[in-house]
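Nothing in this text is a laboratory measurement; each read-out follows from the coordinates by a stated rule. The model shown is predicted, which means the values in this text are computed figures rather than measured ones. Cβ: placed from backbone, ideal geometry, glycine included. Neighbour counts: every protein chain shown.
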Amino acid sequence: MIRLLKRYPLIGAVCLFIVYILLYFIGEWLDLPAVITLHSTLDDRIPFFAYALYPYAGWAFEIAGLLLYTYFKRDRDTFLRFVLTVWSAMTVIQLFYFVCPSEIHLRPAEVPGQGLTSDLVRLLYLTDNNKNVFPSIHVTDAVLMSLLERELFGRSGKTYLLYGYNFVVILSTMLLKQHSTWDVLAGIVCGISAYMIMRAVSRHRE
């Protein structure tokens with residue numbers, strides 16, 4: 001796979017993320033009994049907000065956009081480094097879910113309201129169960145995106161705009177009742193750790 005990634009970077013990246021998606025669906029299919037249930041007092045104070053669905057879903061487009069930007073606008077080594085960092089973080093967490101399944105019970109019994117947004121949230125709840133939540137992959141990636149974007153764009157208006165979006169993505173995980181605050185805190189730690197490991201490996205190779 002590494003050879004394919006080096007020879008055909010874009011095709012290799014797609015294959016890596018297909019592997020991750022397969023792991024995700026295997027986890028959903030296995031539906032392992034939860035070892036831990038996450039809940040905090042703060043979770044009960046956070047309101048449900050259906051429109052948080054849009055930044056929550058936009059997370060995937062941000063990842064794809066950043067990786068495509070590095071592929072077309074930066075050198076191959078930067079692209080490969082970013083791909084392997086994001087993929088490794090997501091995959092390690094997905095494998096952790098198999099070892100230590102987790103769950104939450106925060107979702108509303110019925111999604112309030114009518115219309116497209118409410119229907120889409122109902123669809124999300126049907127297709128994405130309330131298990132395998134700790135740590136949050138959404139939050140891990142949002143933190144990673146912020147650090148990688150800072151590396152790419154420096155202290156620019158674009159960077160701060162993306163910081164704002166990533167912060168909204170993190171909030172959306174709790175507003176949609178997809179994650180507990182514990183999942184969020186763990187995701188922040190995982191995102192920072194993944195970036196630090198990537199930087200250490202890069203310095204070692206230099």
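Against the test of being aromatic (Phe, Trp, Tyr), in contact with an Asp or Glu (Cβ under 9 Å, 6 or more places away or on another chain) and either exposed (fewer than 14 other Cβ atoms within 10 Å of the Cβ) or in contact (Cβ under 8 Å) with a residue 40 or more places away in the chain (or both), the options Trp59, Trp29, Trp87 yield a single qualifying residue, Trp59. When region 90-111 is filtered for residues that are free of Cβ contacts under 8 Å to residues at least 12 places away in the same chain and outside any helix (DSSP H, G or I), the ones remaining, listed by number, are Ala109, Glu110. Of all the numbered requirements in (1) under 30 Å from Glu110 (Cβ atoms); (2) free of Cβ contacts under 8 Å to residues at least 60 places away in the same chain; (3) β-branched (Val, Ile, Thr); (4) surrounded by fewer than 18 Cβ atoms within 10 Å (Cβ to Cβ), Thr159 misses one, and that requirement is (1).
Filtering region 164-192 down to residues that are over 14 Å from the mean Cα position of the chain (by Cα) and assigned to a helix (DSSP H, G or I), which residue is farthest from Pro55 (Cα to Cα)? Looking at the filtered set, the residue picked out is Trp182. Of the candidates Asp128, Asp119, Asp141, the single residue that is of a type in the set (D, E, K, R) and under 25 Å from Asp75 (Cα atoms) is Asp141.
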